[in-house]
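The structure appears right after this line, and notes come after that.
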Amino acid sequence: MKHISVLLFLVCAPAAMAQKWEVGAGVGGAFYNSQTFSNAVAGNANASLATGVVASAWLGNNSQGRWGGELRYDYENTSLKLSSGSTTASFAGDTQAIHYDVLYHFASQEASVRPFVAAGAGIKVFQGTGKESVYQPLQNIGLLTKTNDLTALVSVGGGVKFNFGSRIQLRLEVHDYMSPFPIKVIAPNQGTKTSGGWLMDFVPMAALGITL
Amino acid sequence: MGGSTMGLSLATSMIEAPILGTSANSFTRTVAPLYSQNAIVNLTVSGFTVLPWNFDASVAPPKIQSIVNAADGTSGIAPGGLISIYGQQFSPVNIATSQLPLPTALADSCLTVNGLPVPILFVSPTQINAQMPFEAQGNVTMMLRTPGGVSDNYNTVVLPGAPSVFQAAIQGVGTVPTIVRSSDGEIVTAANPVHTKDTLTVYLTGLGATNPAVPTGMPGPSNPLAVSILAPQVTLGGVNLPVQYAGMAPGEVGVYQINVTVPSSTPTGLSVPLIISQGGMNTTIQLRVVD
């Protein structure tokens, strides 16, 4: 145990000395692309998640240089959606994601305006939370379901940090959270094929960060 | 009966075969017009029917073509189970009854199996729904008596157990098995799937004899419950579902229910087979299961 403590100190101490820690939170919107569900008998429908509200919080560290990192949690209040022509099926839902992003800043920490790009990975949980009923519109094509779907998440994005004083910063940023399509919560029915590809979740956001 | 015969003007007696499986003597059927010329009384082994005065005796006799269980229309029939009899010239009218105990003659139609009167729920020109008597087992012979005459014997086999799940028609969905989630009382469908850890009630017929025994034509009791003697086994996706109760549905004639819980280890999917087995017979239903 003593050896482990010493080892942890040796590993963490230089990093802690060289970094500034940051916490922050923000709100924004979630805008999803859709997939096409095709059923030879029942027809086609667009499957997606509805535009929703996003809340995000993070714990970040910035090195003395231009690199940084953030462990981030995102919550989206959205709904599951299936639409075909004038018919739409909707089902309450939300998503939660945890991911770690690496940030590269295009200006030093002392600059008042710091553009940055970010990329990372994590996990995302899609959750259907609505009340199920024996009949659902478009159910012969797809089924909106009260269950969870845990998927991988790849995050890319960028934005600008505006420093106000030495500790407070306003952030305007946009991310694309990419994940496999959550076919457990938006399930293709028997005989339905999906158009494939990843689900894109575009999230523009305004946030406040505080350097500790 | 003696008082009612005072108004009969002329009675005609006819000899019928004895009740199958008994050593009883032949039965005399009596057809008698009332003195008032308002009706004709037809007295048979299963009771009497009153025919209109202008009753046309040349009506064709009934023909039984098939007997299936009333739940899913398959051929498995068990004692106490609900059955559907299909054929021709059954009854000139459609009549259903909610009378309890169920009558053994309805709209001048009377069914017997091995000579035992059969409780009837519904009659029509081509279909009769009834309850197979608990006393019927093995090879049996069914006959139908109507004002048109007596059908030919129809031979069939009554199994000790033949589970068959009732089907319900839901608009926009189609026909689905009547399996109800206990927590919200709703039928499970693809859009309202089975969740692991759910408790389900399967409504079916054909679970056979119960303890305590329930008289034919009578609804299942609630206290004590009439438990199926031959315990069914239920699996979902190959996983055994613990059966909490299997027996008659209280207040229902010929309807049984099985209460099961769905373990968390049950496989999920769009089409997971639910198999109910009893005494070598089984029925399979496809259900959607999610976590």
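The values are calculated or read from the model by the stated rules, or taken from the named source; none is laboratory data. The structure presented is a predicted model; accordingly, all values stated were derived computationally and were not measured. Reconstructed Cβ throughout: ideal geometry from the backbone, glycine too, with neighbour counts over all protein chains shown.
When residues in the range A:128-148 are screened for being more than 9 Å from chain B (Cβ to nearest Cβ) and surrounded by fewer than 19 Cβ atoms within 10 Å (Cβ to Cβ), 2 of them pass. When the range A:106-115 is filtered for residues that are surrounded by fewer than 20 Cβ atoms within 10 Å (Cβ to Cβ) and either of a type outside the set (A, V, I, L, M, F, W, C) or touching a His at 6+ places or on another chain (Cβ under 9 Å) (or both), the ones remaining, listed by number, are A:SER108, A:GLN109, A:GLU110, A:ALA111, A:SER112, A:PRO115. The number of residues in the range A:140-170 that are of a type outside the set (S, T, N, Q), under 23 Å from A:SER83 (Cα atoms) and assigned to a loop (DSSP other than H, G, I, E, B) comes to 2. The C-beta contact set for the range B:270-291 (first residue within 12 Å of another protein chain (Cβ to nearest Cβ), second residue of a type in the set (A, V, I, L, M, F, W, C) and crowded, with 20+ Cβ neighbours inside 10 Å, distance under 6 angstrom, 6+ apart or interchain) comprises B:ARG288/B:ALA190; B:VAL289/B:VAL194; B:VAL289/B:VAL272. If you go through the range B:171-193 and keep only what is farther than 17 Å from A:PRO137 by Cβ, touching a residue at least 40 places away in the same chain (Cβ under 8 Å) and within 10 Å of another protein chain (Cβ to nearest Cβ), you end up with just B:VAL188.
Among the residues here, A:ASN140 does not qualify as within 30 Å of A:GLY43 (Cα to Cα), touching a residue at least 12 places away in the same chain (Cβ under 8 Å) and under 20 Å from the mean Cα position of the chain (by Cα). Being in contact (Cβ under 8 Å) with a residue 24 or more places away in the chain and not acidic (Asp, Glu) holds for only one residue in A:GLY165, A:GLY197, and it is A:GLY197. For the range A:150-182, the set of residues classified as in contact with a Ser or Thr (Cβ under 9 Å, 6 or more places away or on another chain) and within 14 Å of chain B (Cβ to nearest Cβ) consists of A:PRO182 only. Which condition number in (1) within 17 Å of B:ILE258 (Cβ to Cβ); (2) modelled with pLDDT under 95; (3) polar (S, T, N, Q) is the one that B:THR199 fails? Going through (1) within 17 Å of B:ILE258 (Cβ to Cβ); (2) modelled with pLDDT under 95; (3) polar (S, T, N, Q) one by one, B:THR199 breaks only (2).
Of the residues screened, B:GLY138 is not one that is surrounded by 19 or more Cβ atoms within 10 Å (Cβ to Cβ) and under 24 Å from the mean Cα position of the chain (by Cα).
Considered as a group, the residues in the range B:194-218 that are over 21 Å from the mean Cα position of the chain (by Cα) and at negative phi include one that is nearest to the other protein chains (Cβ to nearest Cβ), and that residue is B:HIS195.
Could you tell me whether any residue of the range A:76-92 is among the aromatic types (Phe, Trp, Tyr), touching a residue at least 12 places away in the same chain (Cβ under 8 Å), within 11 Å of chain B (Cβ to nearest Cβ) and in a strand (DSSP E or B)?
Scanning the range A:76-92, I find at least one residue that is among the aromatic types (Phe, Trp, Tyr), touching a residue at least 12 places away in the same chain (Cβ under 8 Å), within 11 Å of chain B (Cβ to nearest Cβ) and in a strand (DSSP E or B), so the answer is yes.
Residues that are part of a strand (DSSP E or B) and in contact (Cβ under 8 Å) with a residue 24 or more places away in the chain were ranked within the range B:219-235; the one that is nearest to the chain's Cα centre (by Cα) is B:GLY220. Residues in the range A:186-198 that are within 14 Å of chain B (Cβ to nearest Cβ) and within 16 Å of A:ASN33 (Cβ to Cβ): A:ILE186, A:THR194. Does at least one position in the range A:85-92 carry a residue that is more than 15 Å from the chain's Cα centre (by Cα) and more than 30 Å from A:GLY191 (Cα to Cα)? No, there is no match, as no residue in the range A:85-92 is more than 15 Å from the chain's Cα centre (by Cα) and more than 30 Å from A:GLY191 (Cα to Cα). Is it true that some residue in the range A:185-207 is part of a loop (DSSP other than H, G, I, E, B), modelled with pLDDT of 95 or more and under 30 Å from B:ALA191 (Cβ atoms)? Yes - at least one qualifying residue is present in the range A:185-207.
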